[in-house]
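Below: the structure, in structure tokens.
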Amino acid sequence: MVENHPSQASKFKCEVKNLNFYYGSVRVLKDINLSVFSHQVTALIGPSGCGKTTLLRCFNRMHDLYPGNRYTGEIELDKINILAPWIDPIEVRMRIGMVFQKPNPFPKSIYENVAYGLRVRGQSQRSAIDETVEQALRNAALWDEVKDRLYDLAFNLSGGQQQRLCIARALATNPEMILFDEPTSALDPIATASIEELITQLKEKVTILIVTHSMQQAARISDRTAFMYLGEIIEFDRTQTIFSDPTHRKTQDYVNGRFG
Amino acid sequence: MTIDNLHQLHRLIARNRFWEKIFIVFGILSLLVGIITLLALLIDMTIDGLPRLSWQFFTSFPSRKYEEAGILSAWVGTCLVILVTAIAAIPIGIASGIYLEEYAKKNWLGDIIEINVTNLAGIPSIIYGLLALGLFVEQLKLGRSILTAGLTLSLLVLPIVIVTTREAIRAIPNSIREAACALGASKWQTIWDHILPYSIGSILTGIIIGLARAVGETAPLITIGALTFIAFLPDSPFKSEFPYISFNWLQAEFTVMPIQMFNWVSRPDPEFQSNAAAAGVVLVFMTLAMNAIAIFIRYRLRRRIKW
Ligand SMILES: Nc1ncnc2c1ncn2[C@@H]1O[C@H](COP(=O)(O)OP(=O)(O)OP(=O)(O)O)[C@@H](O)[C@H]1O
Ligand SMILES: [Mg+2]
């Protein structure tokens, strides 16, 4: 692990320290250590079932919604352990947004979907909400497609549009960090390309942690990549290094498509 | 495949088909028994009662003369009792359903409560009448009033409301809850802003079907002492002077449609039988109308949402 010099304080947005996670009695994450760099895209790759989603959902304490889940270890967000029992998970989720694998818009209007995070934060001034909604939709590259039908039901959008809507919904609340769980797995290549471009642009504003099945995607958009296998992080390095010159045999086999 | 084998196969298929045909015939017969009995009953009742269905029938009190008798006090009583039932059962039922489904810990205590609530729906309604007689009439001294009747029926409807509420909110996918939570919504915000609005159609449907059942209930109301002959209306809830609204009607004695029917059926003279039939037609129409409203609401609210 890298030491925490004060000069490096802003370098890491998040630091995972000796994280273990249990579904009931099954240990799914084993001694995870990971540093998420500020304003970079960090990708989590690895074969199916290795625990990528599980790790991602630790960052916004999504696991707290279900009984029987248990963490040990720490995830520090700006040097504060967000897994500590006295930290309200809602506070964490207010600061860290999430985009799920399957688009999950609310059965409300497009506008209301994007505005919901603001309403939760007590915003009620119509003009301010209007402005934020428009900005978020523009940032999610959806504005031009929906500006004439903001009050239509979000379910009427195509799959790719729904996913961009979910991204806009997360962006509108201005989070410090966004978690993406295979955001493009249900999308066609064109929609995928637009979301990838969006993620690359976003990192100026937010820190991004993304789970992806596609190694090409990780190579295209991420700055750092962590390779996971059976609940452990085997290797974590610059994306370029992981793909061209990995240290571990397993990583090499995986990125070269020999298993997974 | 040889010809012989093929014949064997045909015989096998024919035998399999035979049982299928037997079942289809049996199924159609069963269906007819149900439908024809029901239709015969309805048609017979309508033929008997139709001559008595007039404006006068709805606007007259019961009377010793059959041609002057009407169901005014009965239908007003039914409406007011059901109003009290709805006001009492809906909030309590929905709140309990939400609590059980979303907040209560899933442990043995929860299981026991769940089993009991489900079983409550199957308890004979007269038992609720006995309970109400002891609790509302004798302990709380509410009298043999509309209030007592409404509360009694709300006990009857409550398990139905709780169970439908739970089923309705269980039908909402977890991905919606997660979406709201991920934006920082508290559990209550998730319920209020999402779970309830998306499930209210199904919940209302269940409530209305429960209320429709309550409209036809007789036994528990006779147990608490509903009268069979009421020749006055309860106090009006609206007043011309301040505060314009009054709750005296809650304490009024009352009768309801099925009790009025029962009263007329038990008269020896055949003329009153047609009064009973006419009241029956009105009662059936009331429950059918409520079910129609339920179907309409479900249709309207569900059409927008497909998971
Ligand atoms: N709710 C759960 N309860 C129990 N075990 C679970 C649960 N969710 C996931 N698991 C198990 O945890 C392990 C990691 O699952 P996870 O969903 O994190 O994998 P993943 O890396 O995201 O896989 P994929 O690439 O297929 O999405 C798997 O073995 C899975 O079976
Ligand atoms: Mg996954």
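Counting heavy atoms of the protein chains only and a 1.4 Å probe, report the per residue accessible area for the protein assembly as shown as a whole number of Å². Don't skip to the answer; put the middle values down first.
On the way: 28590 Å² over 567 residues.
I get 50 Å² per residue for this part.
When the Cα centres of region A:74-152 and region B:72-111 are compared, how far apart do they sit, in Å?
With region A:74-152 and region B:72-111 each reduced to a Cα centre, they are spaced 35 Å.
Past 25 Å, Cα to Cα, is the threshold; run A:LYS30/B:LYS187; A:LYS11/A:LYS205; A:LYS203/A:LYS250; A:LYS11/A:LYS52; A:LYS30/A:LYS205; A:LYS17/A:LYS250 against it and keep the listed order.
Pairs exceeding 25 Å: A:LYS30/B:LYS187; A:LYS203/A:LYS250; A:LYS30/A:LYS205.
Across the residues of A:101-107, average count of Cβ atoms on other protein chains within 10 Å?
Details: counts 1, 2, 2, 9, 3, 9, 9.
Per-residue shielding by partner chains comes out at 5.
Among the residues of region A:34-69, which ones have their accessible area go down by 20 Å² or more when all the protein chains sit together, as opposed to their chain alone (1.4 Å probe)?
When all protein chains are present, A:MET62, A:LEU65, A:TYR66 each give up 20 Å² or more of accessible surface.
Between B:TRP55, B:TRP19, B:TRP75, which gets the highest mean-square fluctuation from a Gaussian network model of chain B, Cα cutoff 10 Å?
B:TRP19
Which whole-number percent is the relative contact order of region B:53-306 (Cα, under 8 Å, 6+ apart)?
Result for region B:53-306 is 26 percent.
Using DSSP H assignments, which helices in chain B have an axial alpha-carbon span of 30 Å or above and a mean Kyte-Doolittle hydropathy of 0.5 or higher?
B:3-49, B:72-98, B:146-170, B:270-303
Please work out the C-alpha center-to-center distance from region B:176-201 to region A:183-260 and express it in whole Å.
If we compute the Cα centre of each part, the gap is 32 Å.
Peptide A:78-84: average number of partner chain Cβ atoms within 10 Å per residue?
Numbers: counts 0, 0, 0, 0, 0, 0, 0.
The per-residue average across the peptide is 0.
Return the single residue from B:GLU253, B:GLU20, B:GLU167 with maximal mean-square fluctuation; model: Gaussian network over chain B, springs between Cα atoms under 10 Å.
Maximum fluctuation in the GNM of chain B, among the listed residues, is at B:GLU20.
Which of A:ASN104, A:ASN20, A:ASN113 moves most in a GNM of chain A, Cα contacts under 10 Å?
A:ASN104
Enter the buried accessible area of the A/B pair, total of both sides, probe 1.4 Å, in Å² rounded to the nearest 100. Write down the numbers at each step before the final one.
Details: alone 12290 and 18160 Å², together 28590 Å².
The A and B chains share an interface burying roughly 1900 Å².
Any idea of A:ASP223's accessible area? Nearest 10 Å², probe 1.4 Å.
Taking all protein chains as shown, A:ASP223 has close to 50 Å².
Just to confirm the filter: which GluC sites (Glu not before Pro) across region A:178-221 are DSSP coil and have at most 11 other Cβ within 10 angstrom of their Cβ?
Here the sparse-neighbourhood loop sites are A:GLU204.
If I ignore ligands, DNA and RNA and count only protein heavy atoms, how much of A:SER214 is accessible to a 1.4 Å probe, in Å² to the nearest 10?
40 Å²
Can you list residues whose amide H is under 5 Å from A:LEU44's amide H, if they're 5+ apart or on another chain and H is modeled 1.01 Å from N?
A:ILE210, A:VAL211, A:THR212, A:ALA226
Using a 1.4 angstrom probe on the protein heavy atoms only, line up B:GLU217, B:GLU67 by accessible area, largest first.
On the way: B:GLU217 25, B:GLU67 90 Å².
Heavy-atom accessible area, descending, gives B:GLU67, B:GLU217.
Averaged over peptide B:171-181, how many Cβ atoms belonging to another chain are found within 10 Å of each residue's Cβ?
Mean number of neighbouring Cβ atoms from other chains: 5.
Check A:PHE37: other-chain or 5+ apart residues with amide H under 5 Å from its amide H, H built from backbone geometry?
A:LYS13
The values are calculated or read from the model by the stated rules, or taken from the named source; none is laboratory data. Remember, it's a predicted structure, so these values are computed and weren't measured experimentally. Counting neighbours? That spans all protein chains shown, and the Cβs are built from the backbone with ideal geometry, glycine included. Side chains are part of the model used for accessible areas, which takes the heavy atoms of the whole protein and leaves out ligands, DNA and RNA. Shrake-Rupley method; radii C 1.70, N 1.55, O 1.52, S 1.80 Å.
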